[in-house]
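Every read-out reported here was derived from the displayed coordinates using simple, explicitly stated rules and does not represent laboratory data. On a predicted model such as this, the values are computed, not experimentally measured, just so you know. For neighbour counting, all protein chains shown are included, and Cβ atoms are generated from backbone atoms with ideal geometry for every residue, glycine included.
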Amino acid sequence: MNNFLKREFLLFFNIPKNIYLPLSIYSIVFVIFIALGLPDDFKFANVFISSFITVFIISESSYKDDFESGAIEQMLFEDKNLISYVLSKLLIQTVFVFFPMLIIGLLFSGLPQNLSLAQFSVSYLACLLTLSPFFNLGSIVSIRKNNSLNALIIIPFLVPFIFLIEGLFISGQWNPNFYFLMAYFVFSIVFINLLVVEVIKIQIR
Amino acid sequence: MKALAIINNLNYKVDEKCIFKKFSLRVNLNEITEIRGRNGSGKTTILKILCREISNNLSISSSQDNSIAYLGHQNALIEELTFKQNFSLNIMNIDKTLAKQMNIFHLRNQKINNLSFGEKRKIALLRIFQSQTKLWIMDEPFSGLDTDSVTTIKEIFFQHIKNKGTILLSNHQETISNSTKVHLEDLGE
């Protein structure tokens, strides 16, 4: 795990586009929504639509470079732990991309009425960390087909998620939406990531 | 001679095309095994199957350390990074002596996307040579290399065998003396 964390950290550190590209996309979509002057009801919709688009775009290239360069094939045949690889990628992405997205969101949209700073931060990061494995799964399933299936595959998983987001951030109902979100988060982090690893193995073999 | 992996009567089809029919292979320890064959004969496929077998500890009849250093068709290098940075990703420092022997040490601060195909291949090979593992598995290691480089690589191979290592590779170009050759044309359908 330690070696994979170092690898992912160095990849982000040495290739700045891995950080500034998703943050630029996020900011641009965000600014477009602000420029449209939408009513207050849409105040947090822009945060989540920008986040959806950004996570979707990041996921397109999450594994693509390593897949095309042969790095994943090498890891697989050298019997390295692919779960550690997948989780390290997610962790470093959280630090370098998701956390700055949270700060940008807070700076421009403030807090929802019924949520404290801690509640908003935890639930927003949980949202991103739930979404990311779903999009990554779509990306890796269709990696040999230029990711064209990515959006289609994850739609069924996203429907309940969208209702949770609406309940938590727009309607401001912490209970029970947050607990459902946590359940979805655990499902995504554990099960979907395991599925991602299995699909990687199938794609390589 | 002890066997590292044994495949018996393997049948393998891809999209209804028969790649292997009753194919058998024995890979011995402490020697070079070359899998030779025409394009599309299944050299890469058999290497992948062997990797899986060895990783899963199937058909292993030896107590040797089973860790593998693998080099596929691709070099597994990040194009935007330098040679040195690529080695840092693998938590490795460049072995100066070996890199000089392969005539690539001077490229250490060059970005991979500025290098030639052969130079990239040599960098990828250096990672294998520095890996400290006994078993090296390589898919077409000589592709894109000039004659001098091929000679150097062969010397490193022979040194590895002297150090009780094992090499398994697919190859359709250079001939390696003192290696066990498996010709897929003769064994496939």
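Given a Förster radius of 25 Å and the C-beta distance between residue B:39 and residue B:110 as r, what FRET efficiency does 1/(1 + (r/R0)^6) yield to the nearest 0.05?
That pair, residue B:39 with residue B:110, gives E of 0.20.
At a Förster distance of 22 Å, what's the computed FRET efficiency of residue B:13 paired with residue B:181, Cβ-Cβ distance as r, to 0.05?
0.30
Please list, or write none, the lysines whose alpha carbon is within less than 27 Å of the alpha carbon of residue B:17, excluding same-chain residues fewer than 8 places away.
Cα-Cα hits under 27 Å: A:145, A:201, B:43, B:48, B:181.
Using just the Cα positions, wrap chain B in a convex hull and report its mean projected area in square nanometres, one decimal place.
Mean orientational projected area (chain B, Cα hull): 11.1 nm².
With everything on Cα atoms, drop me the angle between helix A:17-36 and the longest principal axis of chain A, reported from 0 to 90° to the nearest 10.
That works out to roughly 30 degrees.
What is the calculated FRET efficiency for residue A:183 to residue A:34, with r their C-beta to C-beta distance and R₀ = 22 Å, to the nearest 0.05?
Rounded to the nearest 0.05, the efficiency is 0.10.
Once you wrap a convex hull around the alpha carbon atoms of the stretch A:2-204, what is its projected area averaged over all directions, in nm²?
11.2 nm²
Mind checking B:83-89 for the average number of partner chain beta-carbons within 10 Å of each residue's beta-carbon?
Across the residues of B:83-89, the mean count of other-chain Cβ atoms within 10 Å is 3.
With an 8 Å Cα cut-off and a minimum separation of 6 or more residues, compute the relative contact order for chain B in percent.
34 percent
Take each of the peptides B:92-98, A:23-29, B:162-168, average the number of other beta-carbon atoms within 10 Å over its residues, and list them starting from the highest.
B:162-168, A:23-29, B:92-98
Pick from B:41, B:177, B:24 the residue whose mean-square fluctuation is largest in a GNM of chain B, springs joining Cα atoms under 10 Å.
So, out of B:41, B:177, B:24, the one fluctuating most is B:177.
Treat each spin label as a single point 7 Å out from the Cα along the C-beta direction, and report the residue B:67 to residue B:155 distance in nm.
Label-label distance for residue B:67 and residue B:155, simple model: 2.7 nm.
Can you tell me which of A:81, A:177, A:193 moves the most in a GNM of chain A? Springs connect C-alpha atoms under 10 Å apart.
Maximum fluctuation in the GNM of chain A, among the listed residues, is at A:81.
I'd like the orientation of helix A:174-187 relative to chain A: the angle between its Cα long axis and the longest Cα principal axis, in ° from 0 to 90, rounded to 10.
It is inclined by approximately 10 degrees.
Which residue fluctuates most in the GNM of chain A (Cα springs below 10 Å): A:169, A:56, A:157?
Result for chain A, Cα springs under 10 Å: A:157 fluctuates most.
Using DSSP to call loops (not H, G, I, E or B), can you name the GluC sites (Glu not before Pro) in the stretch B:1-44 whose Cβ has at most 11 other Cβ atoms within 10 angstrom?
The qualifying sites are B:16.
Rounded to the nearest 500, what is the 222 nm mean residue ellipticity of chain A from helices alone, with -39500 (n - 2.57) per DSSP H run of 4+ residues and division by all residues?
Helices in chain A give a 222 nm mean residue ellipticity of -24000 deg cm²/dmol.
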